[in-house]
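Report on the following structure.
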Amino acid sequence: MAIAAAIFLLDRWTKWLVSQRIALFDAITVIPGYFKITHLRNRGAAFSLFADAPDAWRIAMLVVFSVVALVVVIYLLAKSSTRLSLQGVALSLVLGGAVGNLWDRIVHGWVTDFLLVYYKRWEWPAFNVADSAICVGAVLLIAEILFHRETAREASAVN
C-alpha cells in the first residue's frame with residue numbers, strides 16, 4: 001500500500017505543479033522534437049475515449065468502471081501472499097494510478113494530462129504519472145503471468 005500511496009501523492013503533486021505553472025493548452029519543450037510538458041484536460045478515458053459523450057453519462061460510467069477496477073485490484077492485493085512480490089508491486093502501481101485518476105474525475109470531471117511524446121507529426125496521446133503507473137503495473141502483471149507461471153509449471157513438471 002505504501003507504493004500505491006506514493007504513486008497517488010506523486011500524481012497529485014505533479015498535476016498540481018502543472019496546473020499552477022503552465023497555462024491550459026500551453027507547453028514547455030523539454031527535448032526538442034520529442035518531448036514536452038503540457039497542460040491538458042482529458043474528459044474521457046485512456047486516449048480520450050468517450051470524451052465527446054454527454055458529461056453526466058461519461059463521468060458516471062468512468063467513475064463506476066474505476067471503482068469496480070479498484071475493488072478488483074484491492075481484492076487481488078489483499079489476496080497476494082507477499083506484498084513485495086512482482087505481483088504485489090504491479091497491483092500497487094495500478095492501484096495508486098487508478099486512485100489518482102479517479103480523484104481527478106470525481107473532483108474536476110476531467111483528468112489532467114501533461115506528458116507529451118511526439119516526433120514530427122506523430123503524437124502519442126498526452127498522459128500523466130497515474131497513467132504511467134497503471135501501464136507499468138499492467139506490463140509487470142503480464143510479465144508475471146507469462147514468465148513466472150511458466151517457471152512454476154516447469155518446476156512442478158520436473159518434480
Inset, instruction - Return the long-range amide H neighbours of ILE28 (sequence gap of 5 or more, or a different chain), with a cut-off of under 5 Å between placed amide H atoms. - result: ILE37, THR38
Legend entry - Likely footprinting exposure, TYR75, TYR118, fewest C-beta neighbours within 10 Å first: TYR75, TYR118
Inset, instruction - For LYS36, list the lysines whose Cα falls under 27 Å from its own Cα; do not include residues on the same chain fewer than 8 positions away. - result: LYS15, LYS120
Inset, instruction - Would you mind getting me the FRET efficiency between ALA143 and ARG21? Use the beta-carbon distance for r and R0 = 30 Å, nearest 0.05. - result: 0.25
Inset, instruction - Tabulate in residue order the Karplus-calculated ³J(HN,Hα) for segment 62-74, using 6.51 cos²θ - 1.76 cosθ + 1.60 with θ = phi - 60°, rounded to whole Hz; enter x for Gly and Pro. - result: 5, 5, 4, 4, 5, 5, 4, 4, 4, 4, 4, 5, 4
Legend entry - Stokes-Einstein D in µm²/s, Kirkwood radius over Cα pairs - segment 2-153 at 4 °C with 1.567 mPa s viscosity: 79
Inset, instruction - Compute the whole-percent fraction of alpha carbon pairs in segment 75-149 spaced more than 14 Å apart. - result: 67
Inset, instruction - Might you report the magnitude of the Cβ-based charge dipole of segment 2-153 about its Cα centre, with Lys and Arg at +1 and Asp and Glu at -1, to the nearest 20 debye? - result: 120
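We did not get these values from a lab; they are worked out from the coordinates using the rules stated. Only a predicted model underlies this, so the values are computations on that prediction, with no experimental measurement involved. Every residue, glycine as well, gets a Cβ built from its backbone with ideal geometry; the counts of neighbours run over all protein chains shown.
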